[in-house]
Amino acid sequence: MEKLVIHGGNRLTGEVEISGAKNAAVAIIPATLLAQDVCRIENIPNISDVVTMMHILSSMGAVVHYINKHTIEVDTKPVNSYIVPHEMTKKLRASYYLIGALLGRFNRAKVSLPGGCNFGVRPIDLHIKGFELLGATANVENAMIVASADHLTGSSVYMDKVSVGATINVMLAAVKARGLTIIENAAKEPHIVDLANFLNAMGADVRGAGTDVIKIRGVTHLHGCTYSIIPDQIEAGTYMVAAAATKGDVLVKNVIPKHLESISAKLVECGAQVIEYDDAVRVRCDGPLKRCNLKTMPHPGFPTDMQPQMSVILSIANGTSLVSEGVWDNRFRYVDQLIRMGANVQVDGTIAVFQGVEELTGAPVRADDLRAGAAMIIAGLVARGTTEIEDIIYIDRGYEDYVEKLRDLGADIYRKDFRDDTAQPAAG
Ligand code: EPZ
């Protein structure tokens, strides 16, 4: 078992390259099932969620070929099963995208309920509502979602709540349904647009992605394609926050600045400077960190997946900040770990009040989930003394080569093998 060891106090300076978007990749890979052909996907992030999803497809009979670390070719022609067992889906919440893709391919799907991050109730009622409106029966039996249809027919699907996953799953099921599907109150995240562009590259007819109304006209055949995944908005935001928190000066490269607008705005409000270029942003901070209020919302609001990271800045900013979690009902579990490092925080349901403290102090902590783990790294970077972080398997799910990238920026961070106490500074 590995853990991270961080000696805090170093300013982050230099340049960091952002990888492909995790939440786009875990939707696009299952979408390859809709074309019985070869798809070449470029700029794919080298993270364990992607490896898991590729492993699932291989176990279903797909031929997966890694051209290089960030390019794969997937041939789903040989896939002849619509069943995905528990041992495959338990590690990855996004495995439920296989239901929409398998329904779209076989009119059948039998997928074990997903695993993944646990921060409150994660229902799938909107996914099931969408499948049923398209003409499928969908039920949970023996902890598996079982869905089937004679054929899928386009329909109007109103999302009672903005849901990334339900929007994606309905898109996957609808691209080969008969007729027109209209998704209303659709999610507008960058990875929704990326999936729509990928589906259209395969010959689908998806319009309006990025707005709250997506129209999908079903087609009978989808073909292979070559597609490059967008940069990861949340990875980029995480390095932006780390740069500001450590009073550093970092050029975050290979990004789409428009995807980062809400994060840039909040960092400026907290006293950082953010300079935008065509495909990069520079974040620097040489003055005191200021308090601000934060409310997470679906895109284009401030991303919920940036809430823990931003809260580290608020825990050491001058003054009192209020954080309102507008998406998940229990996404403050990480606060207990921040309090171990000296943060002064009160949590009441979906609201947290941060009283900024002079400094955080290093401590043994754990990563409660992927983004909480990222927040603990930022806390360790700014804390006085040494921080050790356990359960870093969560962080490995969504951040490519983060130890190497942070060391290149001047962080004193390395992986340590839990079994023995010999510290192993990361390569490079
Ligand atoms: C996706 O999760 C992301 N995961 C999450 O990122 C992200 O936090 C979330 O979207 C919001 O942006 C992936 O893309 C793999 P939702 P998802 O459906 O699709 C409620 C990360 O760190 N809801 O948009 O599961 C739900 O309870 C991960 O990369 C229903 O009520 O989120 C929540 O309150 C963590 N019924 C809200 O909608 C449903 O059927 C938004 O959830 C589905 C969702």
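The values are calculated or read from the model by the stated rules, or taken from the named source; none is laboratory data. Quick caveat: nothing in here was measured; it's all calculated off a predicted structure. For neighbour counting, all protein chains shown are included, and Cβ atoms are generated from backbone atoms with ideal geometry for every residue, glycine included. When the accessible area is computed, the model is the full protein with side chains, heavy atoms only, and any ligands, DNA or RNA have been set aside. Shrake-Rupley method; radii C 1.70, N 1.55, O 1.52, S 1.80 Å.
Cross-link reach is defined here as a Cα-Cα straight distance under 15 Å, omitting same-chain residues fewer than 8 places apart; for residue 69 the aspartates and glutamates meeting it are 17, 42, 49, 400, 401.
Look at the Cα gyration tensor of the stretch 249-320: its axes a ≥ b ≥ c give a/c of at least 1.5 with a/b at or below b/c, and that counts as oblate.
Counting only DSSP beta bridges whose two residues both lie in the chain, roughly 70 percent are antiparallel.
In the chain, the calculated helix contribution to ellipticity at 222 nm averages -8500 deg cm²/dmol per residue, counting -39,500 (n - 2.57) for every DSSP H run with n ≥ 4. Of all beta bridges that DSSP places with both ends in the stretch 132-207, some 55 percent have antiparallel geometry.
Projecting label points 7 angstrom from Cα along Cα→Cβ for residue 178 and residue 69 puts them 5.0 nm apart. For the chain, the Kirkwood hydrodynamic radius comes to 22.0 Å, computed from all pairs of different C-alpha atoms. On the chain, 49 percent of the accessible area sits on carbon and sulfur atoms, based on a 1.4 Å probe. Which shape class applies to the stretch 22-228: rounded if a/c is under 1.5, otherwise prolate when a/b exceeds b/c and oblate if not, where a ≥ b ≥ c are the square roots of the Cα gyration tensor eigenvalues? Rounded shape, in that the Cα axes give a/c under 1.5. Partners of residue 188 within straight-line reach, counting lysines whose Cα lies under 24 Å from its Cα and excluding those fewer than 8 residues away in the same chain: 22, 129, 161, 176, 215, 253, 258, 266, 295.
According to the square roots a ≥ b ≥ c of the eigenvalues of the Cα gyration tensor, what is the shape class of the stretch 285-428, taking rounded for a/c under 1.5, prolate for a/b larger than b/c otherwise, and oblate for the remainder? Cα axes put the stretch 285-428 in the prolate bin.
Using θ = phi - 60° in the Karplus curve 6.51 cos²θ - 1.76 cosθ + 1.60, the 3J(HN,Hα) couplings for the stretch 91-96 round to 8, 9, 4, 5, 4, 5 Hz; x is entered for Gly and Pro. Antiparallel beta bridges, as assigned by DSSP with both residues in the stretch 22-228, represent about 70 percent of the total such bridges. Working ranking of peptides 132-143, 379-390, 235-246 by packing, defined as the average number of other Cβ atoms within 10 Å per residue, highest first, is 235-246, 379-390, 132-143.
How many nm is it between the label spots at residue 273 and residue 336, if each spot is 7 Å from the Cα in line with the beta carbon? Taking the two extended label points, one gets 4.2 nm.
Residue 143 label point, 7 Å along Cα→Cβ, cut-off 11 Å on backbone N: hits in the stretch 97-116? Inside the label zone: 112-115.
Sorting the segments 399-412, 99-112, 360-373 by their residues' average number of neighbouring beta-carbon atoms within 10 angstrom, most packed first, yields 99-112, 360-373, 399-412.
Across the stretch 22-228, the mean sequence separation of Cα contacts (distance under 8 Å, 6 or more residues apart), normalised by length, yields a relative contact order of 21 percent. Protein heavy-atom accessible surface, 1.4 Å probe, per residue over the stretch 22-228: 37 Å².
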